[in-house]
Each structure stands twice: as C-alpha cells, then as structure tokens.
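Derivation of every value follows stated rules applied to the coordinates shown; laboratory data play no part. A quick note: this is a predicted structure, and the numbers were derived from the prediction, not measured. Don't worry about glycine lacking a Cβ; one is built from the backbone with ideal geometry, like all the others, and counts go over all protein chains shown.
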Amino acid sequence: MARYTGPGCRRCRHQNQKLMLKGERCASPKCALERKKVGAGGRTRGRPRKLSEYGVRLLEKQKVKDMYGMLERQMQRYFQIAQEHPGRTGEEFLRILETRLDNVVLRAGFADSLRQARQLVRHGHFTVNGRKLNVPSYLVKSGDVIAWKENKQKLFPCQNATQNVANRQVPAWLSVDRATVTAKVLTMPSREDIGSTINERLIIEFYSK
C-alpha cells in the first residue's frame, strides 16, 4: 500500500512539535526543530497560526496520522471500527492504532523508529505466537507474543535491539524478555498509556462533521 515517503522532519515542522518520527535523532541536536528557526512554509517559528475550528481539527488528525504512519483511508476505517465498539470512540480509536504490529515492535524497543519497525515487519523479521507475520497493520491481542524469527536473530537489527533494549522504556501493557528479546502483550493499552499530547476529541469532531 502507498505511504508517505517524504522527509519526516517536514511533518514535525508542520506541526511545530516533535513527533519522534526518527527515534533518538529527534532527541538530539540534529533534530530539525532544534536546527532551523523557520517553520514549514517559511513561517517564523513561535508565531501562532490563525486556524479555523476546522483547521484545528484537521491539524490534530494529521498529527495522529503522521505519528502512526497512516493513510487517510486506513484512518477512516479504524474510526468506523471504533464507532462500532462499545465504550468511548476516541479511546478505542487510539487503542486500535497503538496495537498495530509495527507500533508494538517500536514500543517494545526492537526498532529505533516507526519506519524501521515497519520495514522489519515487512521483511519478515518477526513472528506472532510462533507464526511469521509480515503485515504491519496486524492488530495484536492480549496474550500475543512477538519474537524475532529464528533465522533473523544473527542479523544486525536483532543484535542492535539486544544491546539497546535494556535502555528502552517499555509501556506497562507490554512485557519484554531482555534475554530472549521477545515481547508479550499483557493487556490492551489504556488511555493513560497513550500519548498525552493527542486530543482525540478533535479527531472525533473532524470525522463526525
């Protein structure tokens, strides 16, 4: 499926905040927001943009889409699923995005960025419950075990993850075995486990217009 392949830093500059699309690079002085004083479109950074109510909702939706590497059609489909699910639509929507396999690989510390996590999944580096899966959009469930495929464990990505996984902060809904470099989904993520910078109410208003 098609996806955005342009500069990740452009998305951060457009939002005027760090979306952590490049992992550790975003936390270093190399981050575009740290180096460039001009925002996307030539605007002076810090000068507030005048947005309509629709513009505010659109910007929030675009932010979440960039954070999870989604396309618009995928976003709409997930939102429809969330609407059909009992409970709060916004929380269920974010829970669906958070439990995508590529995002779980990132949260477990097996990749440095979402793009790398997606590439590793697409190349068949991981198994779920012992079965090879190369679909980044696969939604994990409580009790699922994500592990490196046995014949991939000697490759650099796995060796790098083995060295760095101890330094990664893992969310409470995941359990990572640092010895075997496997992750287990303990439970579905709650709203507190998902980014506090996201305002799901604006996304609901955008899609409910």
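Quick one: is residue 146 without any contact (Cβ under 8 Å) to a residue 60 or more places away in the chain, within 27 Å of residue 74 (Cα to Cα) and buried (at least 17 other Cβ atoms within 10 Å of the Cβ)?
Values: without any contact (Cβ under 8 Å) to a residue 60 or more places away in the chain: yes; within 27 Å of residue 74 (Cα to Cα): yes; buried (at least 17 other Cβ atoms within 10 Å of the Cβ): yes.
So residue 146 passes the test.
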Next on the checklist: Going residue by residue through region 173-188, is there one that turns out to be in contact (Cβ under 8 Å) with a residue 40 or more places away in the chain and hydroxyl-bearing (Ser, Thr, Tyr)?
Outcome noted: yes
Item to check | Filter result (among the hydroxyl-bearing types (Ser, Thr, Tyr) and either in a helix (DSSP H, G or I) or touching a residue at least 60 places away in the same chain (Cβ under 8 Å) (or both)) within region 75-131 | outcome: 78, 89, 99, 113
